[in-house]
Amino acid sequence: MTQETSNVVSASTAAPKLADGVLTIADLPSEFQDGCRVFVHYNGPTDQLSGVCTGMAVLDPGASPHPPHRHPEEEFLIIADGTGEISCDGRVTQVGPGAILYCAGNTLHGIVNTGKVPMTFYWSKWLAKGF
């Protein structure tokens, strides 16, 4: 996986085209660093995208996967469990299960677990063909 900083996974444009199918958590290796466990489900091009990356992260209480950052991909973050704060373009929002962030490309954003239990979130980011 390509990383810009710790735990930041870039959408790969050089990997083989993604195959149809289902991946379970048991199918995936994980990486653990600084209180954050990262699972990458899919990362590569599709028929319509130059690159798409999607996965799951589990943050320990008080942890963040990385400092606020920006990247060319647009991104969704979906909170499944736990509570925390998401910063996006200078605004900080308290989040819990069911909250979803959309972040445009090259917009500064970050996430931190402010709760007392692990926080699980899913991300999906992509680059359209021609970018």
ask   = Heavy-atom accessible area of residue 32 with all protein chains present, probe 1.4 Å, nearest 10 Å²?
value = 110
query = When all protein chains stay in place, what accessible area (Å², nearest 10, 1.4 Å probe) is found for residue 122?
reply = 90
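State to the nearest 20 debye the size of the charge dipole of the chain about its Cα centre, where the only charges are +1 on K and R beta carbons and -1 on D and E beta carbons. Walk me through the numbers on the way to the answer.
Working: 7 positive and 13 negative charges, 24 e Å.
The calculated dipole for the chain is roughly 120 debye.
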ask   = From Cα coordinates alone, what are the radius of gyration and Dmax values for the chain in angstrom?
value = 14.2, 43
remark   = Here FRET efficiency (C-beta to C-beta, residue 48 to residue 24, R₀ 25 Å, nearest 0.05) is 0.50
ask   = How much net charge surrounds residue 60 when only other residues with a Cβ under 12 Å from its Cβ are counted (Lys, Arg +1; Asp, Glu -1)?
value = +1
inquiry  = Using only the heavy atoms of the protein chains and a 1.4 Å probe, how would 60, 81, 20 rank by accessible area, largest first?
reply    = 20, 81, 60
query = What is the extension gain from residue 69 to residue 102, computed as 0.36 nm multiplied by their sequence separation minus the C-alpha to C-alpha distance, in nm to one decimal?
reply = 10.4 nm
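With only Lys, Arg, Asp and Glu charged, each at its Cβ (+1 for the first two, -1 for the last two), find how big the charge dipole of the range 15-74 is about the Cα centre; round to the nearest 20 debye.
Values: 3 positive and 8 negative charges, 14 e Å.
Rounded to the nearest 20 debye, it is 60 debye.
The values are calculated or read from the model by the stated rules, or taken from the named source; none is laboratory data. All values reported here derive from a predicted model rather than from experimental measurement. Because the Cβ atoms are built from the backbone with ideal geometry, glycine has one as well, and the counts that use them run over all protein chains shown. In case anyone asks, the SASA skips ligands and DNA or RNA and just uses the protein heavy atoms, side chains included. Shrake-Rupley method; radii C 1.70, N 1.55, O 1.52, S 1.80 Å.
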